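Peer 1: Quick one: the structure is below, questions incoming.
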Amino acid sequence: MNDALCRLAGSLVAAVLWSAPAHADTSARLPLVPMRKDEQAQIRAEVAHYLRSDLADGGSVAVTKASWSTRWRVTGRNPQPALYVGFALARTAFDTDDPRIPASLTDVSVAVGFPVTRWASWNVAGTVGAGFAGDKPFADGVAFYGKGSISASRPMGERSRLTVTIDYDGNRGFARDWPLPALIYQRVGETLSFAVGLPFNQVTWRPSPRWTVAVSGLPPLFVRASVKYDVTSHVSLGLSFGGGSEFAHVSGTARRIRFGYEERRVELNATYQRDSLRITFGGGAVFDREFFQESDSGREFGSFDVDDGAYFVLRISWGG
């Protein structure tokens, strides 16, 4: 499989198994997604500002998000094995007078991805890491969490691959105390590529050299979709639908209680790319917004909605 198809295969793995962009570089994808031979590091940064919107029961809030993630290849060259180090930082600031909403949430994590062994035709790799998710960085011991994974992957032909993963993330949105399995079969083609399995699926279709359509998720529970049109070899336009949520422990609350924020988005953007540099500017509508507090048994109390609004975003990445 050539380098371009290998990178597409890696992006399918990343999108299907670990769909939170801000922390993908400390997830199970860290040792699985190959870098180009001339790459030593990959960097992604994003800043988004959400215009002020009313809270459903009075007051208002403006939101600013910033994230940075980096992935270094410490040793090894493609093909793997290689030793990787990943770092991810995401901070969300809330400008509001509402006492129920903290001033900010910070989630920072670091992980090491490493080869374990090769058994028959299976390549086995793992990750070990730790993070902090709270409103006052490193001031609350309850907000620290661990993360790790073990993955086995084998080729199933020239363009196909099977990946089995057991992943633990102490700050994920679902079953944070339990390692969760994932099984993904992926096939990469010039026109149609797909990854099917559990917990998520993705299909990428290139009907022509200029158009790319991608759909991922676990319908009907959650779906992400995007359409991209290459205007020139360096400029593209995109339309996407998606969303996300974030969780953190707020100081002064019970040990097992987390504060969270959830949203859905529709975005129109433009991207400029030259060599390894990619710059994207976009904006759109944000809706289905909710602040909440949750315990181990779910969102039982403390939920309140935010009106729909608009946002602008700038993304810069190098490599990948």
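Readers should treat all values here as calculations from the given coordinates under stated rules, not as data from a laboratory. Keep in mind the model is a prediction, meaning the values are calculated, not measured. Cβ atoms come from the backbone with ideal geometry, glycine included; neighbour counts cover every protein chain shown.
Peer 1: Which FRET efficiency value, to the nearest 0.05, is calculated for GLU190 and VAL266 with the Förster distance at 30 angstrom and r the Cβ-Cβ distance? All intermediate terms of the calculation are to be shown ahead of the outcome.
Peer 2: Values: r = 29 Å, r/R0 = 0.98.
E between GLU190 and VAL266, to the nearest 0.05, is 0.55.
Peer 1: Given points 7 Å out from each Cα along the Cα-Cβ axis, report the PHE241 to ALA175 separation in nanometres with one decimal.
Peer 2: Spacing of the two 7 Å Cα→Cβ label points: 2.8 nm.
Peer 1: What do you get for the angle between helix 3-17 and the principal long axis of the chain? Use alpha-carbon atoms, 0 to 90 degrees, nearest ten.
Peer 2: Compared with the principal axis, the helix lies near 40 degrees.
Peer 1: Full extension from ARG36 to ALA130: what is 0.36 nm times the residue separation minus their Cα-Cα distance, to one decimal in nm?
Peer 2: 31.2 nm
Peer 1: Each residue of the range 304-320 in order: what ³J(HN,Hα) in whole Hz does its phi give by Karplus 6.51 cos²θ - 1.76 cosθ + 1.60, θ = phi - 60°, with x for Gly and Pro?
Peer 2: 8, 8, 10, 5, 4, x, 10, 8, 10, 9, 10, 10, 10, 9, 9, x, x
Peer 1: Could I ask something else about it? Find which of GLN273, PHE287, TYR261 sits farthest along the positive direction of the dipole of the chain, computed with +1 on the beta-carbon of Lys and Arg, -1 on that of Asp and Glu, about the Cα centre.
Peer 2: GLN273
Peer 1: Follow-up. How far, in nm, would the chain grow between PHE312 and GLU290 when pulled straight, counting 0.36 nm per residue and subtracting the alpha carbon separation?
Peer 2: 6.0 nm
Peer 1: Each residue of the range 56-65 in order: what ³J(HN,Hα) in whole Hz does its phi give by Karplus 6.51 cos²θ - 1.76 cosθ + 1.60, θ = phi - 60°, with x for Gly and Pro?
Peer 2: Calculated HN-Hα couplings, in order: 4, 10, x, x, 8, 8, 10, 10, 10, 10 Hz.
Peer 1: Tell me, what is the FRET efficiency for SER121 and LEU183 to the nearest 0.05, using R0 = 22 angstrom and their Cβ-Cβ distance as r? Please list the in-between numbers first.
Peer 2: On the way: r = 17 Å, r/R0 = 0.76.
My answer for the efficiency is 0.85.
Peer 1: If we count GluC sites (Glu not before Pro) as exposed when they sit in a DSSP loop and have at most 11 other beta carbons within 10 Å, what is the longest stretch of the chain that avoids them all? Walk me through the intermediate numbers first.
Peer 2: Working: sites that count: GLU158, GLU190.
Counting at most 11 other Cβ atoms within 10 Å as exposed, the longest clean stretch of the chain is 1-157.
Peer 1: Taking the Cβ of ASP308 as the centre, find all other residues whose Cβ is under 15 Å away and add up their charges (Lys, Arg: +1; Asp, Glu: -1).
Peer 2: -4
Peer 1: Can you tell me the length gained on complete extension of the stretch VAL47 to HIS234, counting 0.36 nm per residue apart and subtracting the Cα distance? Walk me through the numbers on the way to the answer.
Peer 2: Numbers: separation 187, 0.36 × 187 = 67.32 nm, distance 2.20 nm.
Contour length minus Cα-Cα distance gives 65.1 nm.
Peer 1: In whole Hz, with x marking every Gly and Pro, tabulate ³J(HN,Hα) for the range 97-108 from phi via Karplus 6.51 cos²θ - 1.76 cosθ + 1.60, θ = phi - 60°.
Peer 2: Whole-Hz 3J(HN,Hα) from phi for the range 97-108: 9, 6, x, 6, 9, x, 5, 6, 10, 10, 10, 10.
Peer 1: Could I ask something else about it? Counting C-alpha atoms alone, how compact is the range 124-186: give Rg to one decimal and Dmax as a whole number, in angstrom.
Peer 2: 15.4, 50
Peer 1: Compute the Rg/Rh shape ratio of the range 213-261: radius of gyration over Kirkwood radius, all on alpha-carbon atoms.
Peer 2: 1.27
Peer 1: Provide ASP57, ASP288, ASP25 in ascending order of the number of other Cβ atoms located within 10 Å of each residue's Cβ, fewest first.
Peer 2: ASP57, ASP288, ASP25
Peer 1: Once the Cα atoms of the chain are picked out, what are the Rg and Dmax in Å?
Peer 2: Expressed in Å, the Cα Rg and Dmax of the chain come to 19.6, 62.
Peer 1: Note down the relative contact order for the chain as a percent, whole number, built from C-alpha pairs under 8 angstrom at least six residues apart.
Peer 2: It rounds to 15 percent for the chain.
Peer 1: Next question, about the same structure. With charges set only on the Cβ (+1 for Lys and Arg, -1 for Asp and Glu), what does the dipole of the range 3-318 come to about its Cα centre, in debye to the nearest 20? Intermediate results must be reported in sequence, preceding the final value.
Peer 2: Numbers: 35 positive and 32 negative charges, 312 e Å.
That gives a dipole near 1500 debye.
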